[in-house]
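To start, the structure itself, in structure tokens.
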There are 2 protein chains.
Amino acid sequence: MSDKLRKHIEEITPITDKEFDYLLSHFSVKKLKKHQFLIQQGDLVKNDHFVVSGLLKAYHTNPDDGKEHILQFAWENWWITDFQAYFNQTNSTLNIDCIEDVEVLSISLENREKICADLHKIEHFFRKKSNFGYIALQQRILSLLTHSTKERYEQMLSNYPSLFQRVPKSLIASYLGVSRETLSRLSK
Amino acid sequence: MSDKLRKHIEEITPITDKEFDYLLSHFSVKKLKKHQFLIQQGDLVKNDHFVVSGLLKAYHTNPDDGKEHILQFAWENWWITDFQAYFNQTNSTLNIDCIEDVEVLSISLENREKICADLHKIEHFFRKKSNFGYIALQQRILSLLTHSTKERYEQMLSNYPSLFQRVPKSLIASYLGVSRETLSRLSK
């Protein structure tokens, strides 16, 4: 399973066997079953997680009506955590649970900062990943501000076709911020 | 004006005089008047810009009705560009213009990558900045998904009180994605 992490890093920077062994020693393996929680709201967020296999969702639960708003899906080669809580080492405001059985490689903030400080190329890797993430979020904000629900649905289908095979429609609706009924109309 | 950039970098990492002179040699100074464009939709986006003084907005113009959707404001100590176009060296899908007279320090992607490769601490600086930016955008998405317009207005007023002194109400409305009339009701 560590091959996937290595391949993922080497999409941005080549690393030696020795460097990879060193990096890997800072991660721990975690396996979860479908429906289990990786992070529950209120937990201290110690780790960021690289998804080796499976699918998860990060969401905010409205305290008034219990409604779920999905911030992010993550599957193979994605990273997921409550980033605000992780970087500030505070308690999670999000829930992250498993839509499928999941294997992740987890790294603490302390270890992440350590490997970045020890290896310039890893600092480079994480800077690049963060830049890509920043761009993706800006595009999502623009999409939320400027596109109709129909356009956002079609954009999502075109960007992530495989997600629609793996995720129930109700969760797609929750990600787009629309009702299940609206989504059914759009997908006809 | 370069003092501001140095202070900004040293909030994250200390640098020597020699290092700062080296860094600064990769930036160029640009001065613009109120209403001028820093970037126009369709321009090749060569530079990222550190704001030394003044205030700008980045926005998308709807081709159908000409309506402006503001993605970002930037003022002293913020960075602004069309990040997607900058990192991909493509044409801008955004307009960025000046709400006040502006002074920026501009850096090309090539120079940004060069100073990151040459100085590990600068790669660290930009990774940290990108992480902070990522968190802020996730919070904005959550806010768009879960908060009412009233809540988002109050959050913005609480986070950036000085912005309300510097920016006309119509632009606040455009950032929040509501009509000027709705905003007037909220701000009473």
Task: Theoretical ellipticity at 222 nm over chain B - DSSP helices of four or more residues, -39500 (n - 2.57) apiece, nearest 500 - done: -14000 deg cm²/dmol
Task: For chain B, accessible area per residue (1.4 Å probe, heavy atoms of protein chains only), Å² - done: 47 Å²
Task: Solvent-free Debye scattering, log10 I(q)/I(0), computed from the Cα coordinates of chain B at q = 0.11, 0.15, 0.19 Å⁻¹ - done: -0.53, -0.97, -1.43
- [ ] Determine the shielding of peptide A:81-88 by partner chains: average, over its residues, the number of Cβ atoms on other chains within 10 angstrom of each Cβ.
- [x] 3
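When ranked by the protection proxy of mean other Cβ atoms within 10 Å per residue, highest first, what sequence do the peptides A:67-73, A:110-116, B:159-165 form? Please list the in-between numbers first.
On the way: A:67-73: 18.7, A:110-116: 16.6, B:159-165: 11.7.
By packing density, highest mean first, the sequence is A:67-73, A:110-116, B:159-165.
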- [ ] Let me know the mean shielding of A:69-77 by other chains, meaning the per-residue number of their Cβ atoms within 10 Å of its Cβ.
- [x] 2
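Give the ranking of B:R6, A:R180 by solvent-accessible surface, highest area first, calculated with a 1.4 Å probe.
Numbers: B:R6 55, A:R180 115 Å².
My answer, sorted largest first, is A:R180, B:R6.
For segment A:2-109, count the residues as N, evaluate 2.2 N^0.38 Å, and divide the Cα radius of gyration by that value, please.
Here the answer is 1.12, to two decimals.
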Open item on the list: Give the B-A buried accessible area in Å², both sides summed, 1.4 Å probe, nearest 100.
Closed with: 3800 Å²
Open item on the list: From the phi angles alone, apply the Karplus equation (6.51, -1.76, 1.60; θ = phi - 60°) to segment B:82-93 and give each ³J(HN,Hα) in whole Hz, x where the residue is Gly or Pro.
Closed with: 8, 5, 4, 5, 5, 5, 9, 6, 10, 7, 6, 9
Task: Accessible heavy-atom area order of B:K4, B:K18, highest first, probe of 1.4 Å - done: B:K18, B:K4
Task: Dmax and Rg, reported as Rg then Dmax, of the protein assembly as shown (C-alpha, Å) - done: 21.4, 63
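Convex hull over the alpha-carbon atoms of segment A:47-89: what's its volume per residue in Å³? Mind dumping the intermediate values first?
Numbers: hull volume 3.1 nm³, N = 43.
Value for segment A:47-89: 72 Å³ per residue.
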Task: Ratio Rg/Rh, restricted to segment A:12-58 and using Cα atoms, in which Rh is the Kirkwood radius - done: 1.05
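Given a cut-off of 32 Å, name the pairs among B:K4/B:K169; A:K4/A:K67; A:K30/B:K114 whose C-alpha atoms lie farther apart than that in the structure shown.
On the way: B:K4/B:K169 29 Å; A:K4/A:K67 35 Å; A:K30/B:K114 37 Å.
Long pairs (Cα-Cα over 32 Å): A:K4/A:K67; A:K30/B:K114.
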Task: Calculated on alpha-carbon atoms, Rg and Dmax of segment A:88-188 in Å - done: 17.6, 53
- [ ] Could you pull out every residue, at least 5 positions away or on a different chain, whose amide H is within less than 5 Å of the one on A:S53? Hs are placed 1.01 Å off N in the peptide plane, and Pro or chain starts have none.
- [x] A:E103
Open item on the list: Mean Kyte-Doolittle hydropathy of -0.5 or higher plus an axial Cα length of 30 Å or more: which whole DSSP H helices in chain A meet both?
Closed with: A:120-146
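Please report the relative contact order for chain A, taking Cα pairs under 8 Å with a sequence separation of at least 6, and give it as a percent rounded to a whole number.
Averaging sequence separation for qualifying contacts and normalising by length gives 24 percent for chain A.
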Task: Surface accessible to a 1.4 Å probe, B:I12 within the full protein complex, Å² - done: 50 Å²
Task: Estimated inter-spin distance, A:Q155 and B:E151, nm [label 7 Å along Cα→Cβ] - done: 2.3 nm
Open item on the list: Less than 18 Å apart at the alpha-carbon level, and either on another chain or at least 8 residues along: which aspartates and glutamates does that give for B:K18?
Closed with: B:D3, B:E10, B:D118, B:E123
Task: Separation of the A:I12 and A:D101 label points, Cα + 7 Å toward Cβ, nm - done: 3.0 nm
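Using a 1.4 Å probe on the protein heavy atoms, what percent of the accessible area of segment A:2-109 belongs to carbon and sulfur? Don't jump to the answer; show the numbers that get you there.
Values: 2340 of 4990 Å².
Exposed carbon and sulfur together represent 47 percent of the surface.
The values are calculated or read from the model by the stated rules, or taken from the named source; none is laboratory data. Please read all numbers here as calculations on a predicted model, not as lab measurements. Virtual Cβ from ideal backbone geometry, glycine too; neighbours counted across all protein chains shown. The protein model used for the area step is the full one, side chains on, heavy atoms only, and it has no ligands, DNA or RNA in it. Shrake-Rupley method; radii C 1.70, N 1.55, O 1.52, S 1.80 Å.
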